[in-house]
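Colleague: This is the structure, below, for whatever I ask next.
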2 protein chains.
Amino acid sequence: MSSSPQSTSGNATTAPVLDLSADVVTLTAALCDIESVSLNEATVCDAIEAALAPLGHLTTTRIGNTLVARTDLGRSERVVLAGHIDTVPLTTEPANLPTQRRGEELWGRGTVDMKGGVAVQLKAALVAEPSRDLTFVFYEGEEIDSQYNGLLHIHQQRPELIEDADFAVLLEPTGSIVEGGCKGTLRAEVVTKGIAAHSARPWNGHNAIHDAAEVLARLVAYQPETVEVDGLEYREAMNAVGIAGGIAGNVIPDRCVVTVNYRYAPDKSEDDAAAVVHQLFSDFVVTIVDNAGGARPGLDRPAARAFVDALGVDVVAKQGWTDVARFSAMGVPAVNFGPGDPNLAHHDEERVPVDQLESAEAALLRWLA
Amino acid sequence: MSSSPQSTSGNATTAPVLDLSADVVTLTAALCDIESVSLNEATVCDAIEAALAPLGHLTTTRIGNTLVARTDLGRSERVVLAGHIDTVPLTTEPANLPTQRRGEELWGRGTVDMKGGVAVQLKAALVAEPSRDLTFVFYEGEEIDSQYNGLLHIHQQRPELIEDADFAVLLEPTGSIVEGGCKGTLRAEVVTKGIAAHSARPWNGHNAIHDAAEVLARLVAYQPETVEVDGLEYREAMNAVGIAGGIAGNVIPDRCVVTVNYRYAPDKSEDDAAAVVHQLFSDFVVTIVDNAGGARPGLDRPAARAFVDALGVDVVAKQGWTDVARFSAMGVPAVNFGPGDPNLAHHDEERVPVDQLESAEAALLRWLA
């Protein structure tokens, strides 16, 4: 617990205490000022747990430094509101913490990715009689290797905490639009095999890199689909992201590996996606290296529809793979919606407009009223 | 001087003394048994220098551990007989030295590459009245980086020792056929440049590996020439010998490098060869990485013709680049001719048939008579 929390309220404290009654901007600053670079989330998780403890309408479960807080009001719908509580490392000389209020922006590590979203979650947690049952998830280890991901830990250890939800909102920064679902991502190695020989006498061998010409030609010719799922358009993509071949400058190469990344719409299963790649390269040796399915946005569900209608903002397909796919894997469609410009996530000059924090909070409270 | 010379004549000596009157097989064994792995040629060079010193028809010049011995008989022709005196490292457990006579073969490091050829040179050096003037070259550092190559040192420091020759014979193992000249070799990097982007949104970037499809397609479609030079056929070749591209599994690659090796007939200069590659990839960024011209066989010259006629063996084009190109660079056409199977050079079971040593010696002496 190396964090040195500082309150922007002017009341410096030695133990990190979060005042949920403060406005959302103050609460965002307080959360950011409890430094919680990945693997150092204990203090901020303690602070969130302590802040929620007095709220009688919530039941909390802690797994490592991941906290789940649920209402149990017998509503006809249940929605997950989720956010990760870790950040990427701070800048140095100077560090981009503690936060600074500059005009109408709050500057500092985590303001965008994603303590602002967490602050909005916490403000929503104060609503004692929400219009639907809520499952709040505050999770660790999102910014690093997936083995540390708190959502994965819930999936592995306590999936029932998530699985009964109709819909999930991940409060990652989207610039205050709704990004629905996400594409899946598959990586495959397409290997050509040749016969090594001295390059002065190539007729004694067979050039594996030359055989890769056909692999690349198929990638160039490939026409990716754009697939509509629940009203959102997902643009698929099939790309070489790596190529490697060759032994020495005077040797005909006996092997060439093309690494292909297929980004596929969430109407396809992981197996569907693998079949597309195997089909495209049916006459080559293909190994699927990794494959993570996408997530449907679930905008055909009443809970999701109501959320989008209440917000009244633009809704687009999420193209990149995100943690919404972890909800999808637990049977729960999900969207991203949160304050902050995603292009400023991880940025040295990470900062969020105050009005985005306030409008995101207002939108959620309107929906829960 | 770490060598531990042993004589196969049965008369073990502490100082390495070469008896040039011994038969060529015994002389080969004696040369091999003076271990001379590259950078350790001093002892064997000393021994050769001492053995040639009593021969009044030779004038010697030493450069490092490279020895040049010349006749000066006023003949109308001058021919170089050259061989390197270093070897690749010995095997271990057991070492493949000292040499062993097994039936009709002599086994051990250097028997093929190329102390057998050096023994034939030394037997020829005994001829006091050769039919043409001779320049013997015994040189160091052939098996390692070219900066150590004794022929290169002559070229740099005393080119006049070579340049007055009409023709050169390099006694590298050829299985007792004549291999004429050699092809040149050029390496170039053909680079494609793209724009990096997240692979979930490739439309924001440009894939440099996909652009390399066209580079590979041209290599596949390229029809290499077979060029006749001085009656020998050189098969050209244009091959990718390396390819590398890609930053990470989720990034559209912004750069791909194809390393191309062009092996070209000795009718082309280095500049001619570079022009072929620049022309083939005129719309790409091309960098010539290295370029070593080939060597004409010189079979249109009387001295070369007489050599081939006297030997009465097959004559073929040398496809790989060899040190004959170093003679070519000094204006002297050259061929390879020597005892031993080149496929056994550097081999753990390196060995030469006794009759190849004897027939190579006999052929050279017939020609010099």
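The values are calculated or read from the model by the stated rules, or taken from the named source; none is laboratory data. Note that the structure is a prediction, hence the values are computed from the model and not measured. Cβ placement follows ideal geometry from the backbone for every residue including glycine, while neighbour counts extend to all protein chains displayed. Surface areas here come from the heavy atoms of the whole protein model, side chains and all, with no ligands, DNA or RNA. Shrake-Rupley method; radii C 1.70, N 1.55, O 1.52, S 1.80 Å.
Colleague: Quick one: if you stick a label point 7 Å off each Cα along the C-beta vector at residue A:228 and residue B:17, how many nm between them?
Modeller: Label-label distance for residue A:228 and residue B:17, simple model: 10.1 nm.
Colleague: When chain B is treated as a GNM, springs tying every alpha-carbon pair under 10 Å, which of B:273, B:51, B:196 comes out with the largest mean-square fluctuation?
Modeller: Judging by the Gaussian network model, the answer is B:196.
Colleague: Order B:132, A:305 by their accessible area, 1.4 angstrom probe, all chains in place, largest first. Kindly include the intermediate steps, with their values, before the conclusion.
Modeller: On the way: B:132 30, A:305 100 Å².
The ordering from most to least exposed comes out as A:305, B:132.
Colleague: Inter-copy label distances at residue A:300, 7 Å along the Cα→beta-carbon direction, one decimal in nm, shortest first?
Modeller: Output for residue A:300: 8.0 nm, nearest copy listed first.
Colleague: Another question, then. Could you provide, to the nearest whole Å², the per residue accessible area of chain B with probe 1.4 Å?
Modeller: Values: 14200 Å² over 369 residues.
In whole numbers, chain B has 38 Å² accessible per residue.
Colleague: Of all DSSP beta bridges located in the protein assembly as shown, what percent are antiparallel, nearest 5? Walk me through the intermediate numbers first.
Modeller: Values: 103 of 139 bridges.
Restricted to the protein assembly as shown, the bridges split so that about 75 percent are antiparallel.
Colleague: If you roll a 1.4 Å probe over the range B:42-179 with all protein chains in place, what percent of the accessible area is carbon or sulfur? Let's see the in-between values first.
Modeller: Details: 2260 of 4860 Å².
Taking all protein chains in place, the range B:42-179 shows 47 percent carbon and sulfur surface.
Colleague: For residue B:349, go 7 angstrom from Cα along the Cα-to-Cβ vector, then report the distances to that same point in the other copies in nm, smallest first.
Modeller: For residue B:349, the inter-copy label distances come out at 7.1 nm.
Colleague: Kindly provide the Kirkwood hydrodynamic radius of chain B in Å, to one decimal, from all pairs of distinct alpha carbon atoms. Don't jump to the answer; show the numbers that get you there.
Modeller: Numbers: mean 1/r = 0.0450 Å⁻¹.
Computed over Cα pairs of chain B, the Kirkwood hydrodynamic radius comes out at 22.2 Å.
Colleague: Show the residues, 5+ positions off or on another chain, whose built amide H is closer than 5 Å to the amide H of residue B:34.
Modeller: B:6
Colleague: While we're here: In angstroms, what radius of gyration and Dmax does the range B:40-85 have, counting Cα atoms only?
Modeller: Rg and Dmax of the range B:40-85, Cα atoms, are 11.6, 37 Å.
Colleague: Now a separate question. In nm, one decimal, shortest first: how far is the label point of residue B:160 (7 Å from Cα along Cα to beta carbon) from the matching points in the other copies?
Modeller: Listed shortest first, these distances are 10.0 nm.
Colleague: Turning to a different aspect of this structure: Give, in whole angstrom and from largest to smallest, the semi-axes √(5λ) of the equivalent ellipsoid of the range A:67-150, with λ running over the eigenvalues of the Cα gyration tensor. Numbers along the way, then the final one.
Modeller: Numbers: eigenvalues 175, 61, 10 Å².
One finds semi-axes of 30, 17, 7 Å for the range A:67-150.
Colleague: Setting aside same-chain residues fewer than 8 positions from residue B:318, which lysines have a Cα under 20 Å from its Cα?
Modeller: B:183, B:268
Colleague: Using helices alone, I'd like the mean residue ellipticity at 222 nm for chain B: each DSSP H run of four-plus residues gives -39500 (n - 2.57), total over residue count, nearest 500.
Modeller: Details: 10 runs with 100 residues, N = 369.
Using -39500 (n - 2.57) per qualifying helix, the result is -8000 deg cm²/dmol.
Colleague: Put +1 on the Cβ of each Lys and Arg and -1 on the Cβ of each Asp and Glu in the protein assembly as shown; which of A:27, B:80, A:147 then has its Cα farthest toward the positive end of the dipole?
Modeller: B:80
Colleague: Note down, for the protein assembly as shown, the three equivalent ellipsoid semi-axes (square root of 5 times each alpha carbon gyration tensor eigenvalue), biggest first, whole angstrom. Walk me through the numbers on the way to the answer.
Modeller: On the way: eigenvalues 1222, 147, 91 Å².
Equivalent-ellipsoid dimensions as semi-axes: 78, 27, 21 Å.
Colleague: For the range B:67-76, what does the Karplus curve 6.51 cos²θ - 1.76 cosθ + 1.60, with θ = phi - 60°, yield as ³J(HN,Hα) per residue in whole Hz, taken in order and with x for Gly and Pro?
Modeller: For the range B:67-76, the Karplus curve yields 10, 10, 10, 10, 8, 9, 9, x, 5, 6 Hz.
Colleague: Of A:145, A:164, A:290, which has the largest mean-square fluctuation in a 10 Å C-alpha GNM of chain A?
Modeller: Comparing A:145, A:164, A:290 in the GNM, the peak value goes to A:145.
Colleague: Right, next: Can you give me the Kirkwood hydrodynamic radius for the range B:256-369, using every pair of distinct Cα atoms, in Å to one decimal?
Modeller: Values: mean 1/r = 0.0587 Å⁻¹.
It is 17.0 Å.
Colleague: Between the range B:333-360 and the range B:194-211, how far is it from one alpha carbon centroid to the other, in angstrom?
Modeller: Distance between centres, Cα-based: 54 Å.
Colleague: Pick from A:271, A:355, A:46: which is most flexible by mean-square fluctuation in a GNM of chain A where alpha carbon atoms under 10 Å apart are linked?
Modeller: A:271
Colleague: Still on this structure, please answer the following. In Å², nearest 100, what accessible area do chains B and A bury in total when the solvent probe is 1.4 Å?
Modeller: Working: alone 15610 and 15600 Å², together 28370 Å².
Chains B and A together bury roughly 2800 Å² of accessible area.
Colleague: Amide H to amide H, which residues 5 or more places from residue B:39 or on other chains are under 5 Å from it, using H placed in the peptide plane?
Modeller: Those qualifying (amide H under 5 Å, at least 5 residues apart or on another chain) are B:141.
Colleague: Go through A:337, A:264, A:310 and say which Cα lies farthest out towards the positive end of the charge dipole of the range A:225-356; charges sit on Cβ, +1 for Lys and Arg, -1 for Asp and Glu.
Modeller: Of the candidates, A:264 comes out farthest on the positive side.
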